[in-house]
Amino acid sequence: MADDYLVRIGKLIRDARQHRGWTQSQLADALGTSQSAVNRIERGNQNISLEMIARIGEALDSEIVSLGYAGPMHLRVVGRRRLSGSIDVKTSKNACVALLCGSLLNKGRTVLRRVARIEEVYRLLEVLHSIGVRTRWINDGTDLEIVPPARLDMDAIDAEAARRTRSIIMFLGPLLHRLDRFRLPYAGGCDLGTRTIEPHMIALRRFGLDITATEGQYHAVVEGSVAPDRPIVLTERGDTVTENALLAAARHDGVTVIRNASSNYMVQDLCFFLEALGVRVDGIGTTTLTVHGVPEIDVDVDYSPSEDPVEAMSLIAAAVVTESQLTIRRVPIEFLEIELAVLEEMGLDHDRTPEYTADNGRTRLVDLTVRPSKLEAPIDKIHPMPFPGLNIDNVPFFAAIAAVAQGQTLIHDWVYDNRAIYLTDLNRLGGRLQLLDPHRVLVEGPTRWRAAEMMCPPALRPAVVVLLAMMAAEGTSVLRNVYVINRGYEDLAERLNSVGAQIEIFRDI
């Protein structure tokens, strides 16, 4: 009986280690023991104390054994610390999840370089693994290898993991070429109000996909003889809608024209990936995409997604609200030009290096140095627009920036139903934000931030905005249950600590 428990605990430890992308030697180094000892533990051949289990869990950032449930992660933030030095921008979360979905188009081996190690990616990997796709972290956990099976087992899909990510909706485009009928759990993700999948359906019906939604699942039936006979006009210039249409068009044996397409960063990365698969895409970076599909894709492909402009904006905002001089490296400048133009008008002191090319060979990058600045509220309101306008996901960071500027700033977040409401959580930290309606917030600055203990907002970007304000506040703050931040950022607390922040990760006992 005891031996059986040791085997089960060993398997949990092995799975947690592999999930983190570590070798046995790396775990041994973290524990101050030998690789052979880790090997024995993982095979269930060595007695192991509760203290050692706790140490292993801490090293792997995983609760190997918990009493009743796995406790949520919290952050303890000591504020008023100036940041300094330099920090690299990680690869794009939204590009990585699109590429994971896009890998289903390929019968060959797909390798994605420097994949974001975030919860959103982990949930998709759990789903892919459950339906038979083999995935593994390679090159010391930096890159991801994906090898599909000959036949996907959709009946075995991990429904719990699928419901925790809205990205599952992008399985529809590639799956309609592989299966005549299948089921997907309802899409989840951030709580940003009602978002229907009807724009997706309008595009995908043109490829013969019919969806019935009942009992928490999308029931899909594909009529293989149906194909677009005229350009597809998207009713919403959304990123995931455009990506789904691209994924469907990629293996359609013919030419598909997609109009009112998003030209945003993750869409461009997906287009570059499709080209690596042998699919020609004309009009990348515009609102009209012409896809020359191929009926079969069976290639070994190696692709590097570009850096994340929203994470870059997060780091810019961190420097601004903490009144710091910070160099942010590998900034995808073409997707931040409007944001920087607005910040320049507000008085931001910064400079940038000459442009260089990202690892995908296409996206333009710079290194950006931000200095402490006396900011004035912008004359015009802050509002998002489709690319090349101010990015929808960057709007919340202007709430924190406007809070340290002199004067009043109107922020109009017209896209999402609830997100502007979550920005008023900054009032708990000393902010003066007035909610005018579900989409508009009036921000009064400058702000004298103060520490507080609060729950993390259920939306990714407002959650990070609260964290940044805590970094600027006098005293020690606590942000509870930060899973939503881990959905979109890799090791954010540790990386901010590397440039001078003081953020402690802890869990309830």
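Structure summary
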read-out: Extreme residue, most open to solvent (accessible area, probe 1.4 Å), among residues of the stretch 239-254 that are more than 17 Å from GLU198 (Cβ to Cβ) and in contact with a Pro (Cβ under 9 Å, 6 or more places away or on another chain); value: ASP253
read-out: Which numbered condition THR214 misses (of (1) among the hydroxyl-bearing types (Ser, Thr, Tyr); (2) farther than 21 Å from THR286 by Cα; (3) open to solvent by 50 Å² or more (accessible area, probe 1.4 Å); (4) within 27 Å of the chain's Cα centre (by Cα)); value: (4)
read-out: Residues (free of Cβ contacts under 8 Å to residues at least 40 places away in the same chain and open to solvent by 40 Å² or more (accessible area, probe 1.4 Å)) located in the stretch 450-506; value: ARG450, GLU453, MET455, GLU494, ASN497
read-out: When residues of the stretch 435-448 are limited to those that are assigned to a strand (DSSP E or B) and not charged (D, E, K, R), the one surrounded by the most Cβ atoms within 10 Å (Cβ to Cβ); value: VAL441
read-out: Residue within the stretch 302-316 that is open to solvent by 40 Å² or more (accessible area, probe 1.4 Å), closer than 30 Å to LEU179 by Cβ and of a type outside the set (A, V, I, L, M, F, W, C) present; value: yes
read-out: Cross-chain or 6+ apart pairs with Cβ under 9 Å, the stretch 408-436 first and free of Cβ contacts under 8 Å to residues at least 12 places away in the same chain and within 17 Å of LEU460 (Cβ to Cβ), then open to solvent by less than 10 Å² (accessible area, probe 1.4 Å) and assigned to a helix (DSSP H, G or I); value: none
read-out: Qualifying positions in the stretch 109-123 - open to solvent by less than 10 Å² (accessible area, probe 1.4 Å) and either farther than 16 Å from THR91 by Cα or in contact (Cβ under 8 Å) with a residue 40 or more places away in the chain (or both); value: THR110, VAL111, LEU112, VAL115, ALA116, ILE118, GLU120
read-out: Of residues in the stretch 124-162 being among the small types (Gly, Ala, Ser) and touching an Asp or Glu at 6+ places or on another chain (Cβ under 6 Å), the one least open to solvent (accessible area, probe 1.4 Å); value: ALA161
read-out: Filter pass, ALA358 being out of contact with any His (no Cβ under 9 Å at 6 or more places or on another chain), closer than 23 Å to LYS93 by Cβ and of a type in the set (Gly, Ala, Ser); value: yes
read-out: Enumeration of residues in the stretch 449-506 that are modelled with pLDDT of 90 or more, outside any loop (DSSP other than H, G, I, E, B), small (Gly, Ala, Ser) and over 19 Å from ARG428 (Cα atoms); value: ALA493
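To keep it simple, each residue is scored yes or no on (1) surrounded by 16 or more Cβ atoms within 10 Å (Cβ to Cβ); (2) at pLDDT 80 or above; (3) outside any loop (DSSP other than H, G, I, E, B).
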{"position": "VAL7", "(1), (2), (3)": "no, yes, yes"}
{"position": "LEU12", "(1), (2), (3)": "yes, no, yes"}
{"position": "ASP29", "(1), (2), (3)": "no, yes, yes"}
{"position": "VAL38", "(1), (2), (3)": "yes, yes, yes"}
{"position": "ILE41", "(1), (2), (3)": "yes, yes, yes"}
{"position": "GLN46", "(1), (2), (3)": "no, yes, no"}
{"position": "ILE53", "(1), (2), (3)": "yes, yes, yes"}
{"position": "GLU58", "(1), (2), (3)": "no, no, yes"}
{"position": "SER62", "(1), (2), (3)": "yes, no, no"}
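The values are calculated or read from the model by the stated rules, or taken from the named source; none is laboratory data. Since we're looking at a predicted model, the values are computed, not measured. Note that we place each Cβ from the backbone using ideal geometry, even for glycine, and neighbour counts take in every protein chain shown. The protein model used for the area step is the full one, side chains on, heavy atoms only, and it has no ligands, DNA or RNA in it. Shrake-Rupley method; radii C 1.70, N 1.55, O 1.52, S 1.80 Å.
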